[in-house]
Structures are given as C-alpha cells and as structure tokens.
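Have a look at the structure below before the remarks.
The values are calculated or read from the model by the stated rules, or taken from the named source; none is laboratory data. Values in this document were obtained by computation on a predicted structure and should not be read as measured data. Methodologically, a virtual Cβ is constructed for each residue, glycine included, from the backbone with ideal geometry; neighbour enumeration extends over all protein chains shown. Protein only, heavy atoms only, side chains kept; ligands, DNA and RNA dropped before computing areas. Shrake-Rupley method; radii C 1.70, N 1.55, O 1.52, S 1.80 Å.
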Amino acid sequence: MASEETPTMTQPPLRTESAPEAKTAPTRAWAVRLMIVGIVLAALNLRPAITSLGALLEEVRDGLGMSGSVAGLLTSVPPLCFAIFGVMAPRLARRFGPGAVVCAGMAAIAAGLVIRPFTGSTVGFLVASGLALMGIAVSNVLMPVIVKRWFPDRVGSMTGLYSMALALGTSLAAAVTVPMTDALGGNWKTGLAVWAALAVAAVVPWVTLVRERGAEGGITAGTSQQDDGLRITRSRTAWALAVFFGLQATAAYITMGWMAQIFRDAGVSAGTAGVLLAVTMAMGVPLAFVIPRLATRLPSQGPIVVALGVCGLAGYAGLYLAPSGGAWAWAVLLGISNCAFPLALTMVGMRARTGTGVAKLSAFAQSTGYLISIPGPLLVGVLYQHSGGWGVPIALMAALMVPQIVVGVIAGRNRTVEDEAAPAGAV
C-alpha cells in the first residue's frame, strides 16, 4: 500500500463498489482539489449552528420569551437530532449518492440558519434549528464515507484536516459571534443569521462535484445487495466504537457545558473561565490533525485511547483537588482528552473495508453514540444541584472515563466490521 502522504486516486476501486466515472488526469486532479475544499468547508459548518446559539442564548431567550426549561431543551436538541437524522444518511446515500446528500445537508444548514432568527416564535425557532441540525447530522455520518472513497490511502491526513476544520468552526463561532453581532448593530437575529453565509459558500463546491458526478462514488444502487447483508449490530467492534463515541461525546458536552462554571465556582473570574474553556476547545485544532495521522500508522489505536484517557483522568483529578490553582493545566489536559473525537472518526474509516461498511458503521456509531451522550450533561447538573458542590459530578466524569478507555481499546483492534458482521456464506 502506498504511504499515507501519496495521492491514490489512480488506484482501482474497492471490489464491492462501483467506480467513479472515468476522468482524464487533469480533470481528476481538479476534482480532488475541489473535493478537499468541499470537505474543509463542510467541516467548518458542522458546529457554528450550535456554538453561535450558545453565545447568544440569553438574548434569544429574552427576544422570544423562552422559559428556562425550553432554553435548556435547546442545549439537548443537537445530540438528539444527530442520533435521529444520522440513521437516515446511509439510505439517502444509496439512493442519491453521498456527495448529493452532503450538498443538500449544507443547503439545509444555510436555510435553517437564515430562517430561525426571524420566525418570531419559539416553535418556529426550534423547527428551523432542527432543519439545520438535520443537515449537520447527515453530513456528520457521510464525511468519513467520502474520505474513505476519495482518499483511501490518506484516511488519517484527510480525517485530520476535516477534524481540524470542524474544531476551528466550533471555536470560531463561539469566539466571534458576540463581537460580530455588536459590530453588525447589536441585533441577535443578524448575529445568528450571518453564519448562513458560510453554509452557502460550502454548497458551491458540492454542487459542482455532484454535477460532475465526482462525489457519487460511495454507496450506489449497485451495492444495495451487500448493504442489506451486512448486519452491523452483530459486530462487537461496531458496538465498542459506538459506546466509545458516546462516552467521548458525553465528556465533550459536559466540558463545554459545565467547565467554565466549575472554574467560576472555584473563584476564577468569569472572563478567565471563558478563556480557559476557549483554551480547552482550541486544543482540538492542532491535535485533530496530528492524532488521526498517528492513528493510521499504528496497527492498533489502543495506546492513543489510553493516553487520551489518562490526560482526562489527570484533568478531572486536578479539577477536584485544586480547580483554581492549576486551572490552566487542567484546561489543557481536558482539551487533549477531548481529542478522542477525531480519533473515533478515524477508527470509523479504519474499521471497515468498503464505503458501504464505513457508511453503516458511521451511522450506527454516531447515532448510537449521540443517544448515549444525551443524559450526561443533564445528570451532572442534577448531581451538582443536589450535592451542593462539584465533588460528586467530577467523580462521575472520572468514572465514565474508565469504560471509555476500555471500549476504545476494543474498538482500536486491527479488525473490520465486515469480518464480524458479514452475511452467512460471504467470502
């Protein structure tokens, strides 16, 4: 096999998939470059709909007259939508092609972000948010499929680039939404709607790729028979990866939702607590590029899982023992631990041999994982309220890191879901 850094668009397609339409070398090179642009722009759009709302949640509540419980519901809607709509992605991809579905997903994000601030009602805001989250959900699932299909020998590099762009979009929306809103006149509606422009920009390369039929080489009608035979729920590796994905998502949502408050309750100023959270999130930008590249060079990803888990345990121990004294160290350690997300995405591409397998594994792992992650942040809030402090919630966070390490090591073993879940009699 060629090294990870070597372009592989000239290699024969996988035996179970139909090949993309033949192209001349210059056209192929042009399509590959446009695909990279499309992947980066799509990744940049997969979180601003969420983090921009978090930055302006108080203004949105006041503007729409939301109750506190409804505002709290908004913070739980993203993983729920990711779980529900993510299941639909493989079926849509088989019918229309993964590139067309991602293109439609970017259009849905743009439409949802434009519509939701101007609906004038809480129900309309939730529905429009759901439209944007649906676009995010199907794109979440299909991006590993597209990476596997177009860059089979650069899964680590391309997953790293995609993850880095996703982390950049997450932190950028959190950091600049408020000052950008102020610069645009202070209207929260404009501050939320402006992010639709980024989604519109992402539609452009995908429309071009789909029109050229370059993005349709993932799951096609010709592979439906194999897809029907692959029972992903029979794979132990698939279940391990789904639980690993869910536990790392739980840790990430707890960190994003509660870490700043932990620091503030320990005596850290509100401004510094916000900067500490930004540091934690920013750690994902460089490491999201490095970790997938390293993961693809190892026969098993277990050592990386353990290293990230140990960083998480150390960070939680620091929060428990000296939350303010070593605040910067704990923020960095938890930021490193949260990089289990790009590692999980990389393992999705490595634990299946075919685009069909990657699509089913991605949909199963992400949908199941996001369902697992929903109760975590809510449970932390309940424990904090009833215990009167952060000791018990932090102990819960640390306890959840142990099974995350265990299932991550299992998911990181060098095997594929086709080996475990292939239909009887399959070669």
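Among the residues of segment 133-155 satisfying the criterion of being within 18 Å of Ile109 (Cα to Cα) and of a type in the set (Val, Ile, Thr), which is surrounded by the fewest Cβ atoms within 10 Å (Cβ to Cβ)?
Taking the candidates together, the pick is Val138.
Looking at segment 379-392, I want the residues that are in a helix (DSSP H, G or I) and have a partner that is exposed (fewer than 12 other Cβ atoms within 10 Å of the Cβ) and hydrophobic (A, V, I, L, M, F, W, C) with Cβ atoms under 9 Å, at least 6 apart or on another chain. Which pairs are those?
none
One residue is enough: does segment 360-378 have a residue meeting the conditions open to solvent by less than 50 Å² (accessible area, probe 1.4 Å) and farther than 26 Å from Val77 by Cα? Give the steps one after another, and end with the answer.
To start, the set of residues in segment 360-378 that are open to solvent by less than 50 Å² (accessible area, probe 1.4 Å) comprises 360-370, 373-374, 376-377.
With farther than 26 Å from Val77 by Cα added as a condition, the list becomes none.
No, segment 360-378 contains no residue that is open to solvent by less than 50 Å² (accessible area, probe 1.4 Å) and farther than 26 Å from Val77 by Cα.
Given (1) at pLDDT 90 or above; (2) open to solvent by 10 Å² or more (accessible area, probe 1.4 Å); (3) under 28 Å from Gly274 (Cβ atoms), where does Gly130 come up short, assuming only one miss?
With respect to (1) at pLDDT 90 or above; (2) open to solvent by 10 Å² or more (accessible area, probe 1.4 Å); (3) under 28 Å from Gly274 (Cβ atoms), Gly130 is out only on (3).
Given the criterion touching a residue at least 24 places away in the same chain (Cβ under 8 Å), closer than 18 Å to Arg231 by Cα and not charged (D, E, K, R), identify the matching residue among Ser362, Ser373.
Testing whether each residue is touching a residue at least 24 places away in the same chain (Cβ under 8 Å), closer than 18 Å to Arg231 by Cα and not charged (D, E, K, R) leaves just Ser362.
Applying the selection to segment 304-326, what residues are part of a helix (DSSP H, G or I) and open to solvent by 20 Å² or more (accessible area, probe 1.4 Å)?
Val306, Ala307, Val310, Cys311, Leu313, Ala314, Ala317, Tyr320, Leu321
Just the residues that are farther than 23 Å from Gly284 by Cα and outside any helix (DSSP H, G or I), please, taken from segment 111-152.
Hits for segment 111-152 are Thr119, Gly120, Ser121, Pro152.
Would you say Val77 is in a helix (DSSP H, G or I), without any contact (Cβ under 8 Å) to a residue 60 or more places away in the chain, touching a Gly at 6+ places or on another chain (Cβ under 8 Å) and buried (at least 23 other Cβ atoms within 10 Å of the Cβ)?
no
To keep it simple, each residue is scored yes or no on (1) at pLDDT below 75; (2) farther than 18 Å from Gly130 by Cα.
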| residue | (1), (2) |
| --- | --- |
| Ala19 | yes, yes |
| Pro26 | yes, yes |
| Ala31 | no, yes |
| Gly38 | no, yes |
| Leu46 | no, no |
| Thr51 | no, no |
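Of all residues in segment 51-62, which are open to solvent by less than 50 Å² (accessible area, probe 1.4 Å) and touching a residue at least 40 places away in the same chain (Cβ under 8 Å)?
If the condition is that a residue be open to solvent by less than 50 Å² (accessible area, probe 1.4 Å) and touching a residue at least 40 places away in the same chain (Cβ under 8 Å), then Thr51, Ser52, Leu53, Ala55, Leu56, Val60 are the ones that fit.
Please identify the pairs in which a residue from segment 290-308 that is over 18 Å from Gly335 (Cα atoms) has its Cβ atom under 6 Å from the Cβ atom of a residue that is open to solvent by 40 Å² or more (accessible area, probe 1.4 Å) and among the charged types (D, E, K, R), counting only partners at least 6 apart or on another chain.
Cβ pairs passing all conditions: Ser300/Arg413.
So how many residues does segment 276-301 have that are surrounded by 18 or more Cβ atoms within 10 Å (Cβ to Cβ) and in a helix (DSSP H, G or I)?
Qualifying residue count for the region: 14.
For the structure I just gave you, tell me whether Ala331 is touching a Phe, Trp or Tyr at 6+ places or on another chain (Cβ under 6 Å) and either surrounded by fewer than 20 Cβ atoms within 10 Å (Cβ to Cβ) or under 24 Å from Pro292 (Cβ atoms) (or both).
No.
When you scan segment 80-120, how many residues do you find that are open to solvent by 60 Å² or more (accessible area, probe 1.4 Å) and either among the polar types (S, T, N, Q) or within 25 Å of Ser373 (Cα to Cα) (or both)?
Result for segment 80-120: 5.
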